[in-house]
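A.B. asks: Shown below is the structure under consideration.
What follows draws every value from the coordinates through simple rules; no lab data is involved. All of these numbers come straight from a predicted model, not from anything done at the bench. Don't worry about glycine lacking a Cβ; one is built from the backbone with ideal geometry, like all the others, and counts go over all protein chains shown.
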Amino acid sequence: MTEIIRLPENLVNKIAAGEVVERPASVVKELVENSLDAGASQVRIEIEEGGIKKIKVTDDGQGIGSDFLPLALTRHATSKLTSADQLDSIASLGFRGEALPSIASVSMFEIVSKPRDQLAGYKLKIEGGREIRRSEAGAPDGTTIEVRELFFNTPARRKFLKTQVTETRHVIDVINGLALAFPECGFELASEGRNILALNRSGSRAERVRDLLGANDFERMIDYYEETEELTLAGFTIRPEFARKNRAQLYFIINNRRISSPLLYSALMKAYGEFLPHRRYPLAVIYLDLKPWLVDVNVSPTKSEVRFSDERAVFHALMSSVRKALTRDDVIPQMIRSGDAEDGVEKSEPDSYRMKIRRAAEKFFSQKHEPVVSSQPELRIERRPGNYEVRADQHLKNWRQKQVERVSHESPADKLPERKSFPHRMIQFADLFIVAFTKDRLMVVDQHAAHERVLYERALKSFDKQKMTSQKLLFPVNIELEPYLLSGAEEYFEILRDLGFELERFGPRSLAVYAVPAVVTGKNPESLVKDLIGDLLEYEKEAPDRFKLTAQMFACRAAIKAGDRLSEEMMSALLEQLFKCENPYICPHGRPTVIRMSAEELRERFGR
């Protein structure tokens, strides 16, 4: 029989570290939570190389006395629990007594702490779980912890860490959650010596949400409040028309603890229901306060999940509150009154149709740009005074005439139709399909899929030193980004420049857009850049197919959409460009772009 032995203390701490310390952000979370439990009103976090090389957390909390500091670095030592009965009513963030010894066992660790009633502070230095030095030290009130070379003695763990930018984003995400949970505390975050987040103490949750997410997003949010005997629910969620393309900015805060919860996520999405555009997700900050005995926060060592005693009640409370907020009169867009019909739209048409036209026009024509100057035509939607018709630039017509005369004998026969069979006439059907007629053939083209294929191949070429044509904006567009997005955006500036964007960091949390690809004229630069950055951040920059993925994302975002009305000249130009592609018959996602049917096939269908 194998002998049973007691594991050495340093090995036990390393095993515990595997449960508590997943990455640098885990260390930041544990240390800052300790600061908040100590009553800190100001916390500063400094990181280097995403926290892998250095993490330093400084607070002005109550500090740890010299007699207790060594004990704080032992397992299951805590000041937050004294009996088993208290497990049913936990009010603090950290209570398991595993964080500090676990972190110290896999790093070069130093802690300096001074309570307010002591004249001097006390320093303790540990390397890989082994105590190196104890000494008195001059220090301000509070605690400073410095963690260097995380996982230096567990290389197998270290090699699984991601890039510096990715780890920094995880740290920012952790601080965002803690800052939203504790508006009464100020937070500073610096990376590589540069401040990327600075939040003063706030007087309310609303003020903190505004400071953290930005004034623009806050103005687009709706708030709600519900209170019962068992729980209090307050929240801020984005209006449906401003929903995001990813779920990164969802914050569920339960009893001042940010958690991930499939239950709450499901309730939120069910509340939005049909109000939410396809493949869009809400930006939301939801606060739920319950009696401590109605929620179990001791589900996992990382304390990132909770269990509710009455899941059905919590689900219903959140879903109904959000649903009521979304259906308020001040949230639902008002329909156009019959006397306010726009030019070109009959007053007898239903309000819903007129509203659809107005929304489409506002979306397409919200930005003004300088004229396109390009060596090749670009599909462009412009506003014609007095109505919402769309048209192509004059140079597009001229270019098409020259191309029809030139390309018939240059393009492969299986791509561009021969000149004699080039479409005589085209119409747009259902604001989505282009129906083209030749002498003996009928062709139906999905306008979005076709434009996606054109832009996809053009984007791939841009990465092969054939940069896309840019178009300068009349005035630079200043985009306010959450630090989570801004920290990652800079990593992709070079890729975005290849696509024709001209971007520059502008202030601590803003991005200036000076030019966009000429092919996206008429689209809102702010939403386009935000969506594209959000897409890029879902993939690692080192991914072997990152250029293909980026080209797909760009093509999908920039392409003509279903509902965009096209003139015959624009349809002709789109078909010209499509059949010059290397693979004109499928979009980047594998869907068909063209369906062809010959006169003979039609005769057979009709039994002729």
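A.B. asks: Skipping prolines and chain starts, which residues have an amide H placed within reach, meaning under 5 Å, of the one on Ala137, given they are 5 or more residues away or on another chain?
C.D. replies: Counting only residues 5 or more places away or on other chains, the set is Gly121, Tyr122, Lys123.
A.B. asks: Taking the Cβ of Ala599 as the centre, find all other residues whose Cβ is under 13 Å away and add up their charges (Lys, Arg: +1; Asp, Glu: -1). Could the numbers behind the result be given before it?
C.D. replies: Working: positive: Lys439, Arg441, Arg596, Arg603, Arg605, Arg608; negative: Asp440, Glu600, Glu601, Glu604.
Local net charge: +2.
A.B. asks: Now for a separate question. For the stretch 431-453 and the stretch 99-167, compute the distance between their C-alpha centroids and round to whole Å.
C.D. replies: The distance from the Cα centre of the stretch 431-453 to that of the stretch 99-167 comes to 64 Å.
A.B. asks: Another question, if that's okay. Once the other residues with Cβ under 12 Å from the Cβ of Ile479 are scored (Lys, Arg +1; Asp, Glu -1), what is the net sum? It would help to have the intermediate numbers written out before the result.
C.D. replies: Working: positive: Arg505, Arg509, Lys530; negative: Asp217, Glu480, Glu482, Glu504, Glu526, Asp531.
Overall, the nearby charge balance is -3.
A.B. asks: Expected output is a single nm value to one decimal: the length gained when fully extending between Arg247 and Ala156, i.e. 0.36 nm times separation in residues minus the C-alpha distance. What is it?
C.D. replies: Details: separation 91, 0.36 × 91 = 32.76 nm, distance 3.04 nm.
Separation in residues times 0.36 nm, less the Cα-Cα distance, equals 29.7 nm.
A.B. asks: Taking H as built 1.01 Å from N, whose amide H comes closer than 5 Å to the amide H of Gln471, not counting residues under 5 places away?
C.D. replies: Hits under the 5 Å cutoff: Val516, Ala518.
A.B. asks: What is the distance, in nm, between label points placed 7 Å from the Cα along the Cα-to-Cβ direction at Glu207 and at Met269?
C.D. replies: Spacing of the two 7 Å Cα→Cβ label points: 3.6 nm.
A.B. asks: A further question follows. Given 0.36 nm per residue, what is the gain on full extension from His76 to Phe475 after removing their alpha carbon distance, in nm?
C.D. replies: This chain segment gains 137.7 nm when fully extended.
A.B. asks: Which FRET efficiency value, to the nearest 0.05, do you get for Phe68 and Asn195 by plugging their Cβ-Cβ distance into 1/(1 + (r/R0)^6) with R0 = 30 Å?
C.D. replies: For Phe68 and Asn195, the calculated efficiency is 0.35.
A.B. asks: Count the net charge of all other residues whose Cβ sits under 13 Å from the Cβ of Leu69, scoring Lys and Arg as +1 and Asp and Glu as -1.
C.D. replies: Numbers: positive: Lys114, Lys123, Lys125, Arg133, Arg134; negative: Asp67, Glu110, Glu131, Glu136.
Combined, the nearby Lys, Arg, Asp and Glu give +1.
A.B. asks: What is the spin-label model distance, in nm, from Asp296 to Glu19 if the labels are put 7 Å beyond Cα along the C-beta direction?
C.D. replies: 1.5 nm
A.B. asks: Let a ≥ b ≥ c be the square roots of the eigenvalues of the Cα gyration tensor of the stretch 13-68; is it rounded (a/c under 1.5), or, if not, prolate (a/b larger than b/c) or oblate?
C.D. replies: Numbers: a/c = 2.14, a/b = 1.33, b/c = 1.60.
Taking the square roots of the gyration eigenvalues as a ≥ b ≥ c, the stretch 13-68 is oblate.
A.B. asks: What are the ³J(HN,Hα) values, in whole Hz, obtained from phi via the Karplus relation 6.51 cos²θ - 1.76 cosθ + 1.60 with θ = phi - 60°, for each residue of the stretch 186-191 in sequence order, with x given for Gly and Pro?
C.D. replies: My calculation for the stretch 186-191 gives x, 10, 10, 10, 10, 10 Hz in order.
A.B. asks: Using the structure shown, list the pairs from Lys461/Lys561; Lys159/Lys523; Lys123/Lys303; Lys162/Lys548; Lys270/Lys523; Lys162/Lys523 with a Cα-Cα distance above 32 Å, or answer none.
C.D. replies: Working: Lys461/Lys561 23 Å; Lys159/Lys523 42 Å; Lys123/Lys303 28 Å; Lys162/Lys548 21 Å; Lys270/Lys523 30 Å; Lys162/Lys523 34 Å.
Beyond 32 Å: Lys159/Lys523; Lys162/Lys523.
A.B. asks: A further question follows. For the stretch 283-300, just list the computed ³J(HN,Hα) in residue order, Karplus coefficients 6.51, -1.76 and 1.60, θ = phi - 60°, integers in Hz, with x standing in for Gly and Pro.
C.D. replies: 3J(HN,Hα) across the stretch 283-300, in whole Hz: 8, 8, 10, 10, 9, 10, 10, 10, 4, x, 7, 9, 9, 9, 9, 9, 7, 9.
A.B. asks: Also: Quick one: grab the alpha carbon gyration tensor of the stretch 188-247, order the square roots of its eigenvalues as a ≥ b ≥ c, and give me rounded if a/c is under 1.5, else prolate or oblate depending on whether a/b is larger than b/c. All intermediate terms of the calculation are to be shown ahead of the outcome.
C.D. replies: Values: a/c = 2.46, a/b = 1.47, b/c = 1.67.
Oblate is the answer for the stretch 188-247, as a/c is 1.5 or above yet b/c matches or exceeds a/b.
A.B. asks: A further question on this structure: Could you calculate the contour length gain from Leu602 to Arg134, that is, 0.36 nm times the residue separation minus the distance between their Cα atoms, to one decimal place in nm?
C.D. replies: Values: separation 468, 0.36 × 468 = 168.48 nm, distance 9.03 nm.
Stretched out fully, the Leu602 to Arg134 stretch lengthens by 159.5 nm.
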